[in-house]
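Undergrad: Dropping a structure here in structure tokens format, bear with me for questions.
Values in this text are rule-based calculations from the coordinates and carry no lab data. None of these values were measured; they are calculated from a predicted model. All Cβ positions, even for glycine, are placed from backbone atoms using ideal geometry, and neighbour counts span all protein chains on display.
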Amino acid sequence: MNKKGIAVAGNMIVDMLYPTNGMPKPGELVTITGDVDKSTGGCLCNDIVDLAKLDPDMHLVAVGRTGEDEAGKYIMEKMREHKNIDLSHVKITGVSSFTLVMADQISTQRTFYHCRGGNAALCEEDFDWDKLDVDMLHIGYILLLDTLDEEDGEYGTKMARLLHNAQAHGIKTSIDVVSESGDRFKKLVCPAMKYTDYCIINEVEASATTGIQLRTEDGKLLLENMPAALKKMKEMGVSTWAVIHCPEIGVGLDENDNYVEVPSLKLPAGYIKGTVGAGDAFCSGVLYAAWKGEDLKSAIELGTASAACSLSEPGATEGMRSEAEARQLYDSLR
């Protein structure tokens, strides 16, 4: 097993969660039904805390930007609760990023209102390759890191250049993408794929990136199209694992292009307290298993278990458990 650990880079956010009794149409009103919860969010905060909980002994390094304001202090306080997270590569400057999360208690879906803050300025100069002694770098979210999303004449995007340079330093790379409406996926995600070892994204992001339809207009999952979408991700440059997760199932192609399919767990009624961070939890489980050298099936099972842990609490990371506890939950609910 590798001993160096994983660096997680990208969005550091304070999430303000507002439970509501529905999602309003334009001009309509809904009621906030309970207390407002504050928690950390974003790829960096969610994934690195999930990894720290899966294995409190592994070495983890955070690379990102947060503000000098109260939100920034809150983020750093939450990160410091986990002694195995190295925060020396976090730059503290300017205004923190925050998101207002409207969490519908009826459908369990959520809507995000996001302020970019300092995350928009994250750039390759924030990565000290000589001191970043890790096996893997996971970074996200593409489409939500303005400077790294900028065009690069040689590599397509600055994110793609960063990933190339990480690989040149012997670091395996992993990416995640934010779900948004619009047509930026092919322009910004495709260049990064060329320098990605592990790509773990949801079906909305995979469909927008590959151009392959994965749901019908009425929301039915087109499972038969998953292998083609995964193959397309590999053709775009993903070298090792291409993985797609959605509420119904997790699927992937491994390093030998073997197709893997793991159904989601049968969660009891009332189990889901919130869906914020479930995708990040899935990603963390897969990454941890990859770091340990496990096969893709075992990795997707741990990702599925980690997502189920996350769903048990309203916040993004509060429900995460140790690897042993997550796998025990998986065995009890499969």
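Undergrad: Assigning unit charges at the beta carbon (Lys, Arg +1; Asp, Glu -1) and nothing else, what dipole magnitude in debye, to the nearest 20, does region 240-334 show about its Cα centre?
TA: 320 debye
Undergrad: While we're on this one: Name the trypsin sites (Lys or Arg not before Pro) in region 257-302 that are in a loop by DSSP and that have at most 15 other C-beta atoms within 10 Å, would you?
TA: In loop regions of region 257-302 (DSSP not H, G, I, E or B), the sparsely surrounded trypsin sites (Lys or Arg not before Pro) are Lys266.
Undergrad: List every residue whose amide H lies under 5 Å from the amide H of Gly250, counting only residues 5 or more places away in sequence or on a different chain, with H placed 1.01 Å from N in the peptide plane.
TA: Sorted by chain and number, the residues that satisfy this are Val262, Ser264.
Undergrad: While we're on this one: Which of the lysines could be linked to Lys25 by a straight reach, that is with a Cα gap under 29 Å, when you skip same-chain ones fewer than 8 residues away?
TA: Lys38, Lys220, Lys273
Undergrad: Nothing charged except the Cβ atoms of Lys and Arg (+1) and of Asp and Glu (-1): what's the magnitude of the dipole of region 110-266 about its Cα centre? Round to the nearest 20 debye. Intermediate results must be reported in sequence, preceding the final value.
TA: Working: 16 positive and 28 negative charges, 86 e Å.
In total the dipole reaches around 420 debye.
Undergrad: With each run of n ≥ 4 DSSP H residues scored as -39500 (n - 2.57), what mean residue ellipticity at 222 nm is computed for the chain after dividing by its residue count and rounding to the nearest 500 deg cm²/dmol?
TA: The per-residue figure over the chain is -9500 deg cm²/dmol.
Undergrad: Are there trypsin sites (Lys or Arg not before Pro) in region 213-244 that DSSP marks as loop and that have at most 15 other Cβ atoms within 10 Å, and which are they? Intermediate results must be reported in sequence, preceding the final value.
TA: On the way: sites: Arg215, Lys220, Lys231, Lys232, Lys234; in loops: Lys220.
Of the trypsin sites (Lys or Arg not before Pro), the ones in loops of region 213-244 whose Cβ has at most 15 other Cβ atoms within 10 Å are Lys220.
Undergrad: Hey, another quick one. Take the Cα atoms of region 33-91, find their three principal axes, and give me the spread along each one in whole Å, biggest first.
TA: The Cα atoms of region 33-91 stretch 39, 26, 17 Å along the principal axes, largest first.
Undergrad: Among Asn165, Ile175, Leu214, whose Cα sits farthest toward the positive end of the charge dipole of region 146-229 (+1 at Cβ of Lys/Arg, -1 at Cβ of Asp/Glu, about the Cα centre)?
TA: Asn165
Undergrad: Which entries in the list Lys83/Lys194; Lys53/Lys187; Lys158/Lys234 go over 24 Å, if you measure between the two C-alpha atoms of each?
TA: Lys83/Lys194; Lys53/Lys187
Undergrad: May I pose another question? Taking θ as phi - 60°, what are the ³J(HN,Hα) couplings along region 65-76 by the Karplus curve (6.51, -1.76, 1.60), each to the nearest whole Hz, with x for Gly and Pro?
TA: So the J values, rounded to whole Hz, are 10, 9, x, 8, 8, 5, 4, x, 4, 4, 4, 5.
Undergrad: Same structure, new question: If you build a Gaussian network model of the chain, linking Cα atoms that sit under 10 Å apart, which residue out of Met159, Met58, Met12 swings the most?
TA: Top of the fluctuation ranking is Met58.
Undergrad: Any idea what the dipole of the chain comes to, in debye rounded to 20, about its Cα centre with Lys/Arg Cβ at +1 and Asp/Glu Cβ at -1?
TA: Once rounded to the nearest 20, the dipole reads 260 debye.
Undergrad: Another question, if that's okay. What number do you get for region 146-229 when its Cα radius of gyration is normalised by 2.2 N^0.38 Å, N = residues? Spell out each step's value before the answer.
TA: Numbers: Rg = 14.0 Å, N = 84, 2.2 N^0.38 = 11.8 Å.
Here the Cα radius of gyration is 1.18 times the empirical estimate.
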